[in-house]
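The values are calculated or read from the model by the stated rules, or taken from the named source; none is laboratory data. As the structure is a prediction and not an experimental result, all values here were calculated from the model. All Cβ positions, even for glycine, are placed from backbone atoms using ideal geometry, and neighbour counts span all protein chains on display.
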Amino acid sequence: MWSGPRNISTAMMRAWENRGDTAVWDEPLYAYYLHKTGIGHPGAEEVIAAGETEWRNVVDRITGPVPGGKPVFFQKHMTHHLLDEIDRGWLDQMINCFLIRDPAEVVASYSRAREDAVLEDVGVVQQAEIYDYLRARSERVPVVLDARDVRENPEAMLKALCNALGVAFTPRMLSWPPGRRESDGVWAKYWYDSVIASTGFKPYRRQRLRLSPQLAAIAEACEPHYRKLHRQRLAA
């Protein structure tokens, strides 16, 4: 599942992990991304030390046997972690889904953790580019989920997602115990406070957003890419 930051991607990972038949992997390419770019994320040195900094080794694991021999392997990917030098041929072996969110909401949330955000940080442009790459290579249309739709009607949207993927839905996806998981990345203490306290998908509430001119410009640049994917989104 390809997402940008400050989405419901970790909650979605919780939903899949709680099924019981699913192995999950939290942002496999994050350590590589930080090592390669040198970008100043919270806990960057710790993430790099704990992860794999050679993308080929990550891809070997992504496409290899499913951990624990489970029938489903859910991988939570950030789109901006898929840097240009990474060969994308392995994507053909996967079922690729996209989790989108209103760019203004993404930028407002992200800026609370990193005030010097730039367009590349929020992953929306990359999301559209990966989607186009996949559409050019296959007749299969990737599944697109909008976070707002999921939060407004989790059961209907998760049922629709499972149906689109050919996986049986289970009500266990709708709630989970609060707390940390062994599957969480070491960056959880910097980014996951909300989901660690959660027991399910939080209902959607429209926010009154106040963006600086710089952040508003980022959201505006993302908007056409978001809208393009939004038109393809899964309906309940």
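Within the span defined as segment 9-30, one or more residues are more than 25 Å from MET157 (Cβ to Cβ), not β-branched (Val, Ile, Thr) and not in a helix (DSSP H, G or I). With the condition kept exactly as written, say whether any residue in segment 151-164 is under 16 Å from TRP16 (Cα atoms), surrounded by fewer than 19 Cβ atoms within 10 Å (Cβ to Cβ) and in contact with a helix residue (DSSP H, G or I) (Cβ under 7 Å, 6 or more places away or on another chain). Yes, that holds for at least one residue. Checked against (1) surrounded by fewer than 17 Cβ atoms within 10 Å (Cβ to Cβ); (2) in contact (Cβ under 8 Å) with a residue 40 or more places away in the chain; (3) out of contact with any helix residue (DSSP H, G or I) (no Cβ under 6 Å at 6 or more places or on another chain), PRO42 passes all but a single condition, namely (3). Examine segment 106-116 for a residue that is modelled with pLDDT of 95 or more and part of a loop (DSSP other than H, G, I, E, B), and state whether such a residue exists. For segment 106-116, residues modelled with pLDDT of 95 or more and part of a loop (DSSP other than H, G, I, E, B): absent. Among the residues making up segment 45-79, those that are in contact with a strand residue (DSSP E or B) (Cβ under 6 Å, 6 or more places away or on another chain) and hydrophobic (A, V, I, L, M, F, W, C) are VAL66, VAL72, PHE73, PHE74. Taken residue by residue, segment 172-187 has no member that is surrounded by 15 or more Cβ atoms within 10 Å (Cβ to Cβ), among the β-branched types (Val, Ile, Thr), in contact with a helix residue (DSSP H, G or I) (Cβ under 8 Å, 6 or more places away or on another chain) and closer than 20 Å to VAL107 by Cβ.
If we scan segment 78-96, do we find a residue that is surrounded by 14 or more Cβ atoms within 10 Å (Cβ to Cβ), assigned to a strand (DSSP E or B) and either polar (S, T, N, Q) or touching a Leu at 6+ places or on another chain (Cβ under 7 Å) (or both)? Checking segment 78-96: not a single residue is surrounded by 14 or more Cβ atoms within 10 Å (Cβ to Cβ), assigned to a strand (DSSP E or B) and either polar (S, T, N, Q) or touching a Leu at 6+ places or on another chain (Cβ under 7 Å) (or both).
Against the test of being in contact with a His (Cβ under 7 Å, 6 or more places away or on another chain) and free of Cβ contacts under 8 Å to residues at least 60 places away in the same chain, the options GLU120, GLU152 yield a single qualifying residue, GLU120.
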